[in-house]
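*Asks:* First the structure, then my questions, so here it is.
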Amino acid sequence: MFRGSPRLARMFPQAPPIRRKLMVMLLVTCGAVVMVTCLSYFIYEFWTFRRTTVSQLDLLGEVIANNSTAALAFDSADDAQQILAALAADRHIVAGGLYTAQGALFARYPAALAEGMIPAAPDTDGRHFVGGGLAIFQPVMRNGKRLGTLYLRSDLGAMYERLKLFAGTGALVVLASLALAFFVSRALQRQISEPILALAETARAVSDRHDYSVRAVRQSADEIGQLTDAFNHMLGRIQQLNQELEQRVLERTAELRAANQELEAFSYSVSHDLRAPLRHIGGFAVMLEQHAGRSLDDKGRRYVAVIQDSATRMGQLIDDLLTFSRLGRSEMRREPVKLNELVEEIRQSLQAEINGRHITWRVAALPHVSGDAALLRQVFANLLANAVKYTRQRAEARIELGADGRDAGETVIFVRDNGAGFDMKYADKLFGVFQRLHHSDEFEGTGVGLATVRRIVQRHGGRVWAEAKLQEGATFFVALPSATARASSAPSKNS
Amino acid sequence: MSEPKNILLAEDNPLDIEMTLNALQTNHLVNEVVVVRNGAEALDYLYARGAYAHRVAGDPALVLLDIKMPKVDGLEVLHCMKNDAKLRSIPVVMLTSSREESDLLQSYKLGTNAYVVKPVDFSSFIEAVTQLSIFWTVHNELPPRVAREAE
């Protein structure tokens, strides 16, 4: 059995069958040849012997007939009886008789032969095959005058005995040849089966251990030897390609890592150095307000407030942008995520934004999906925060979460609100970085939230889209590949 | 209650120093804030060597460390302090503008007592510094050895 390799075991259900096949082939061929030879010899022998028997009976009939002329001519039954008694020399003659020219039975052999075992009157001259034996009617002639008829019957026993002996010998010959063929073929088939088995063994090593460094040993210069060479050549090529591929992957990984490190360093310095002057702008604006607040008029105080707000906004932008850029680089984990629990937690954390407003939540039973919990939390936090934000002007805000029917290997979750909505004309801009469809004095925001949503969902292999009508609300769809679809399409490592 | 104790502030940015001092002094938190401009100076002060060889004896009650500083950075200072039996018990707060996860993880691995991201919003910055200072210089129980030395 090919242990450990179900695929090869499927290809070769019982191993090693090639040995048995070769053996059976050789034995069947050899057996058939011997059988045909024996049978034809048997048939030949049968006919030859039969002809010999017939001619012997003819000869015997002629001799006896010649000898019986005197007995018939002189009507001497005793002489005739004595002549017929000589038939005892041939034990296969079972019956004999002499008829007069008028057809009356004159003498019989053996003398005690029962009536009915011999025809009452002679039949036509010549040979007759009767039930398991051969009979002849031989005319007894003298000087061209017919004196009577001789009847002889042979039981053909000699022929059957001989044929029996012959069949026995034939069977022995067949058995002996098969035995000989078995031992000879067992030795000979190795020459063919062994190189093939060695090749199969090598193929198994490659398939089981993914070890492309093994080589099959070339055992002969024939087609199997060529096959072995071709197989080895192929292995060498695979090994070479594998190494090249691994080398290329290593190089690419190193390049990517270097690029990633550069990006990391860049975003690190952005987060440190870009933030410092901002902090000073905001901080010193506050200190200015503390220091000279009383001497400033309303206009002056507004200017200071604008400086502070702008610094805060810029800080928020930098934070969001850094978070966004980190999304593409951070490692992603896959784990089962219970969306309902996630949504409930996000709703709790949104209480401050809701700030006593009346919002009707309708959250359906959501499926469990597979993904990075922290990243998916960000997706739904952004979508729900948007829904809360853009329903702000509604007296009766409605936010609905649900799952569309699972089809085509996707789990589709939607977030629907009855808020400000947007013009579908701009739907393609919705998920771009820093793209905003509302003025910031109407709805605040940095334009990174939905870009973040899209990037996270794309990293999960999914897609996002939205449908909306201006002033009537918007629906955001998140489609994630369902766990089962991914499991079946992903190549497993051990096969 | 014992009198407010010293704070060592290691910060290279003069504007940040000014803002921090403003926040601390507005809240009348300490008698003295020792300001050093980089990690090397911070270590000199802590070990009372170099320019600080003749300083008044005693450890600061709290060390505020900026991460990004020239010569020796805040993480290196933290590493030195937490590997020195004499300095290990001084509370350290990493005070930085970085939100980078690597800085945060590294700081806690090295044994920082707190990590504060300097907010852009000045009022929350003041609040953060004030809370930390009050906590570490007034409410926090010092380990017995330091307490004995302070007497």
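Coordinate-derived values only; no laboratory data. Being a predicted model, the structure only gives us computed values, none of them experimental. Positions of Cβ are backbone-derived with ideal geometry, glycine not excepted, and every protein chain shown enters the neighbour counts.
*Asks:* I'd like to know which of A:Val415, A:Thr53, A:Gly236 lies farthest towards the positive end of the charge dipole of the protein assembly as shown, counting +1 on Cβ of Lys and Arg and -1 on Cβ of Asp and Glu.
*Replies:* Comparing the listed Cα positions along the dipole, A:Thr53 ranks first.
*Asks:* Where the centroid of each part is defined by its Cα atoms, how far is segment B:58-86 from segment A:239-309 in Å?
*Replies:* Cα centroid of segment B:58-86 versus Cα centroid of segment A:239-309: 25 Å apart.
*Asks:* Give the long-range amide H neighbours of A:Arg398: residues separated by 5 or more places, or on another chain, with amide H under 5 Å away, using H modelled in the peptide plane at 1.01 Å from N.
*Replies:* Amide H to amide H, under 5 Å and 5 or more residues apart or across chains, A:Arg398 pairs with A:Thr360, A:Asn418.
*Asks:* Quick one: putting +1 on the C-beta of Lys and Arg, -1 on the C-beta of Asp and Glu, what dipole do you get for the protein assembly as shown around its Cα centre, in Debye to the nearest 20? Numbers along the way, then the final one.
*Replies:* Values: 73 positive and 73 negative charges, 328 e Å.
That gives a dipole near 1580 debye.
*Asks:* Could I ask something else about it? Looking at this model, which pairs from A:Lys389/B:Lys118; B:Lys82/B:Lys118; A:Lys299/B:Lys118; B:Lys68/B:Lys109; A:Lys429/B:Lys118 are more than 25 angstrom apart at the alpha-carbon?
*Replies:* Working: A:Lys389/B:Lys118 28 Å; B:Lys82/B:Lys118 23 Å; A:Lys299/B:Lys118 29 Å; B:Lys68/B:Lys109 17 Å; A:Lys429/B:Lys118 34 Å.
In this structure, A:Lys389/B:Lys118; A:Lys299/B:Lys118; A:Lys429/B:Lys118 lie more than 25 Å apart at Cα.
*Asks:* Would you tell me the mean number of C-beta atoms belonging to other protein chains that fall within 10 Å of each C-beta in B:13-21, as a whole number?
*Replies:* Numbers: counts 4, 1, 7, 4, 0, 4, 7, 1, 0.
The per-residue average across the peptide is 3.
*Asks:* Just for chain A, what percent of DSSP beta bridges are antiparallel, to the closest 5?
*Replies:* Values: 51 of 56 bridges.
Antiparallel bridges: around 90 percent, rounded to the nearest 5.
*Asks:* Can you quote the Å³ per residue value for the convex hull of the Cα atoms in the protein assembly as shown, rounded to an integer? Show your work: numbers first, answer last.
*Replies:* Numbers: hull volume 241.5 nm³, N = 646.
Measuring per residue, one finds 374 Å³ for the Cα hull of the protein assembly as shown.
*Asks:* Using the Cα centre as the reference, give the magnitude of the dipole from point charges on the C-beta atoms of segment A:61-220 (Lys, Arg: +1; Asp, Glu: -1; all else neutral), rounded to the nearest 20 debye. Mind showing how you got there, number by number?
*Replies:* Values: 15 positive and 14 negative charges, 156 e Å.
Here the size comes out at about 760 debye.
*Asks:* I would also like to ask the following. I'd like the Karplus ³J(HN,Hα) series for segment A:122-131: coefficients 6.51, -1.76, 1.60, θ = phi - 60°, whole numbers in Hz, and an x wherever there's a Gly or Pro.
*Replies:* My calculation for segment A:122-131 gives x, 8, 5, 5, x, 8, 9, 8, 10, x Hz in order.
*Asks:* Considering only the other residues whose Cβ falls under 13 Å of the Cβ of A:Thr228, what net charge follows from Lys and Arg at +1 and Asp and Glu at -1? Please list the in-between numbers first.
*Replies:* Numbers: positive: A:Arg215, A:Arg218; negative: A:Glu194, A:Glu201, A:Asp222, A:Glu223, A:Asp229.
Taking every Cβ under 13 Å from that of A:Thr228, the sum is -3.
*Asks:* A further question on this structure: Give a quick list of GluC sites (Glu not before Pro) in segment B:12-86 that DSSP marks as loop, anything other than H, G, I, E or B, with at most 14 other Cβ atoms within 10 Å. Each step should come with its number before you reach the end.
*Replies:* Values: sites: B:Glu18, B:Glu32, B:Glu41, B:Glu76; in loops: B:Glu32.
Listed in order of number, the matching sites are B:Glu32.
*Asks:* Would you give the gap between the C-alpha center of segment A:413-449 and the C-alpha center of segment A:99-163, rounded to a whole Å?
*Replies:* Centre-to-centre distance over Cα atoms comes out at 126 Å.
*Asks:* I'd like to verify something in chain A: which complete DSSP H helices, judged by Cα projection on the helix axis, reach 18 Å or more and average at least 0.0 on the Kyte-Doolittle scale?
*Replies:* Details: long enough: A:17-73 (82 Å, 0.81); A:157-209 (72 Å, 0.64); A:223-269 (68 Å, -0.63); A:275-292 (25 Å, 0.09); A:298-327 (43 Å, -0.24); A:373-390 (25 Å, 0.84).
Those that pass (Cα extent of 18 Å or more, hydropathy at least 0.0) are A:17-73, A:157-209, A:275-292, A:373-390.
*Asks:* Which of the listed residues, A:Ala77, A:His272, A:Leu350, is farthest toward the dipole's positive end in the protein assembly as shown, when Lys, Arg count +1 and Asp, Glu count -1 at the beta-carbon?
*Replies:* Value computed over the given set: A:Ala77.
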